[in-house]
Amino acid sequence: MKIFNRVVSLVMRLYNSVIMIFEIAPDKFSPTFYIREVEGQTYTIVDEWCSGFLQRIALTGDAWQPLLDEKPGILRPFQLFATAEGWAELDAARDEAAMHAEWSSKIEPTVHAIHAYWLPFREGAGKTMASTHPKRSVEKSKVGRNPPCPCGGRKKYKHSCGSRLT
């Protein structure tokens, strides 16, 4: 159980750092890809990242449908690297390396475009909540020492993220 809690804590830290980047400076976000060196050649492995991204979208059901309806091809970079159809298309390309380079360079701008698409929905929701429950919104931004940690861990804030502040 201790290892499980540690893994969950690390995942939540990463999640919270990504959220913080998008809140403070979204232009600074860059996906982290594996790099592999084979026979002196350096390869950027984007497949796992793209696959994870598509898996998370699949977990949300129809929540992404408005974006997909408005921008039907927006997930193409992810689909190219994380689906059987995409891999077949890459394999069939005349110059697979050039196609890989072209489309892998579109992943980061696509993430930024997705963030930009959803931002007005998030801002609208925040304004509605703030105008309806202004006191509640202020209280929510402060975390006491004894409530559960907002990172999603099971520990109290003072034993989780709060412990890093002292």
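The values are calculated or read from the model by the stated rules, or taken from the named source; none is laboratory data. The model shown is predicted, which means the values in this text are computed figures rather than measured ones. All Cβ positions, even for glycine, are placed from backbone atoms using ideal geometry, and neighbour counts span all protein chains on display. Heavy atoms of the whole protein, side chains included, go into the accessibility calculation; ligands, DNA and RNA do not. Shrake-Rupley method; radii C 1.70, N 1.55, O 1.52, S 1.80 Å.
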- Message: Residues that are closer than 30 Å to E23 by Cβ, touching a Leu at 6+ places or on another chain (Cβ under 9 Å) and open to solvent by less than 60 Å² (accessible area, probe 1.4 Å): list the helices (runs of 4 or more DSSP H) wholly contained in region 71-125 that include at least 1 such residues.
- Response: 76-82, 96-104
- Message: over 25 Å from S104 (Cα atoms) and either in contact with a Cys (Cβ under 6 Å, 6 or more places away or on another chain) or of a type in the set (D, E) (or both): which single residue out of D27, D62 fits that description?
- Response: D62
- Item | Filter result for E23 (assigned to a helix (DSSP H, G or I) and in contact with a strand residue (DSSP E or B) (Cβ under 7 Å, 6 or more places away or on another chain)) | no
- Query: Is it the case that region 28-38 has a residue that's touching a residue at least 40 places away in the same chain (Cβ under 8 Å) and among the acidic types (D, E)?
  - Reply: no
- Which members of region 1-17 meet the condition of being more than 15 Å from F29 (Cα to Cα) and open to solvent by 100 Å² or more (accessible area, probe 1.4 Å)? M1, K2, I3, F4, R6
- Query: Does region 28-47 include one or more residues that are open to solvent by less than 80 Å² (accessible area, probe 1.4 Å), assigned to a helix (DSSP H, G or I) and either of a type outside the set (D, E) or at positive phi (or both)?
  - Reply: no
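So that you can scan it fast, the table gives a plain yes or no per residue for (1) among the acidic types (D, E); (2) touching a Lys or Arg at 6+ places or on another chain (Cβ under 9 Å):
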| residue | (1), (2) |
| --- | --- |
| N5 | no, yes |
| A25 | no, no |
| P31 | no, no |
| E37 | yes, no |
| G40 | no, no |
| W49 | no, no |
| A58 | no, no |
- Log entry, pairs with first residue in region 78-96 being closer than 22 Å to I114 by Cβ, second being of a type in the set (S, T, N, Q) and part of a helix (DSSP H, G or I), beta carbons closer than 6 Å, six or more apart or on different chains, reads A82/S51; G86/Q79
